[in-house]
Amino acid sequence: MPMAATPAVKASPTPPGLPAPLPEPSVEDLRLETVLGALSDPLRLSIVRKLLLESEDFDHSCGWFGLDRPKSSLTHHFKALREAGVTRQRQYGLERRSQVRVEDLNRRFPGLLDLVAAWMPES
């Protein structure tokens with residue numbers, strides 16, 4: 001049986017004049033067990049997969065994801081992804097926008113994001 005093709009991971013070039021990223025681990029400090037721990041939650045895995053495959057802009061606010069969860073819960077999930085080094089967040093006024101650290105994760109853990117992109121959530 002032929003294997004399905006892995007969906008293409010989207011990574012947009014960094015536009016000029018962005019706010020500085022919120023605190024995050026350096027590439028050298030990314031730990032596989034920490035990244036996998038953050039991705040072990042199905043909601044966080046879905047967030048990262050959506051960013052990888054459906055990004056329309058450089059980064060996205062929480063509202064773009066269309067998640068029906070309390071704001072405090074979403075804040076927790078986005079913070080867990082950022083602190084693990086999976087995503088990068090920037091503050092735009094009162095809004096935080098997220099993007100996947102594609103280059104950093106591909107350099108540190110080759111193939112990991114391809115697995116995330118190929119993952120199919122349960123319906």
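Data overview
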| quantity | calculated |
| --- | --- |
| Label-point separation, residue 14 to residue 28 (7 Å along Cα→Cβ), nm | 1.8 |
| Probe 1.4 Å - accessible area at residue 90, Å² to nearest ten | 20 |
| Order by protection proxy (mean Cβ within 10 Å, highest first), peptides 66-79, 106-119 | 106-119, 66-79 |
| With Cα atoms, 0 to 90° folded angle of helix 71-84 axis to the chain main axis | 70 |
| Test item: Cα-centred dipole of the chain, Lys/Arg +1 and Asp/Glu -1 on Cβ, debye | 180 |
| Surface per residue (accessible, 1.4 Å probe) for segment 21-115, Å² | 53 |
| Rounded tilt (10° steps) of 42-54 against the dominant C-alpha axis of the chain | 90 |
| Percent accessible area from carbon and sulfur atoms, the chain, protein chains only, probe 1.4 Å | 54 |
| The chain - Debye-derived log10 I(q)/I(0), Cα point model, q = 0.10, 0.11 Å⁻¹ | -0.29, -0.35 |
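The values are calculated or read from the model by the stated rules, or taken from the named source; none is laboratory data. Predicted model, so just to flag it, every value in this text is computed and none were measured. Counting neighbours? That spans all protein chains shown, and the Cβs are built from the backbone with ideal geometry, glycine included. Keep in mind that these areas ignore ligands, DNA and RNA; they rest on the heavy atoms of the full protein, side chains included. Shrake-Rupley method; radii C 1.70, N 1.55, O 1.52, S 1.80 Å.
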